[in-house]
Amino acid sequence: MYLAEERAGRPREALEALEQYVARATISDEQRALLEQRLARLRERVARMEAGTQPPIDYERESAGDVPIALDAPATSTPRTAPPEPVVTGPPTAAIAMLVTGGVLLVAFGGLAIASELEDQSLASSCGRDAGRWCSADRVSTLEALNVAADASWIAAAVVGALGITFLFALPPERSTPQIALAPWMSPEGAGITAGARF
């Protein structure tokens, strides 16, 4: 009650509330000494207010407790510390690494799929469906290898990408530091790598 009254600009009422609390409450000797100091400051403030010499109130937290109080001492007698710098956090490095790896695997899949299609067209015209005859196992071995590699790359990209997304939400964020990132991209118009930096 005394804090509410004090912050509302009613030090007389705050003094009365704190005096009643100290008189009736069961508190430790350490807390009683702290509250007696607060009472003394409040009494001085009320006296100064009545005399017309009350300076503006500065609210701070005392280290002895977590209850905010008004301090009457000049600003030079109370050591002030700068507020802590805000902590900037970023996504976990493991998640970013997984997502970048998944992107690289997707680019690899794109390259392997194009190579597989070109090999299929080449075989179709030389010994396949367009030529009207069957291709030997030796002739189709390259096409089969490209198909297997393409399938493996898109499956690996899906698994690694899913792990990256899981890590992104499951792992705690990390303190942000300057970093440079590369991200592969692919679209119907082309493919490439995007570079970016964060400071």
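The values are calculated or read from the model by the stated rules, or taken from the named source; none is laboratory data. No experiment lies behind these values; they were computed from the predicted model shown. Methodologically, a virtual Cβ is constructed for each residue, glycine included, from the backbone with ideal geometry; neighbour enumeration extends over all protein chains shown. Side chains are part of the model used for accessible areas, which takes the heavy atoms of the whole protein and leaves out ligands, DNA and RNA. Shrake-Rupley method; radii C 1.70, N 1.55, O 1.52, S 1.80 Å.
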Point to revise | M49 - accessible surface, heavy atoms, 1.4 Å probe, Å² rounded to 10 | key: 60
Review point. How do R24, R38, R32 stack up against each other in accessible area, from largest to smallest, with a 1.4 angstrom probe?
Key: R24, R32, R38
Revision key, fill the gap. Computed ³J(HN,Hα) along region 40-49: with the Karplus parameters 6.51/-1.76/1.60, θ = phi - 60°, integer Hz and x for glycine or proline, the list is 4, 5, 5, 4, 5, 5, 5, 5, 5, 5
Exercise for review: Work out from phi, with θ = phi - 60° and the Karplus expression 6.51 cos²θ - 1.76 cosθ + 1.60, the ³J(HN,Hα) of each residue of region 116-121, listed in order in whole Hz, and give x for Gly and Pro.
Suggested key: 5, 5, 5, 5, 5, 5
Review point. If you stretched the chain out fully between D138 and M186, how much longer would it get, using 0.36 nm times the residue separation minus the C-alpha to C-alpha distance?
Key: 14.0 nm
Study note, to complete from the structure: Expressed in angstrom and rounded, the centroid-to-centroid distance over alpha carbons for region 10-29 and region 111-129 is 91
Study note, to complete from the structure: Expected field for D138, accessible surface area in Å² at 1.4 Å probe radius, rounded to 10, holds 130
**Study point:** Order by protection proxy (mean Cβ within 10 Å, highest first), peptides 4-10, 101-107
**Key:** 101-107, 4-10
Exercise for review: Could you rank S153, S125 by how accessible they are, 1.4 Å probe, largest area first?
Suggested key: S125, S153
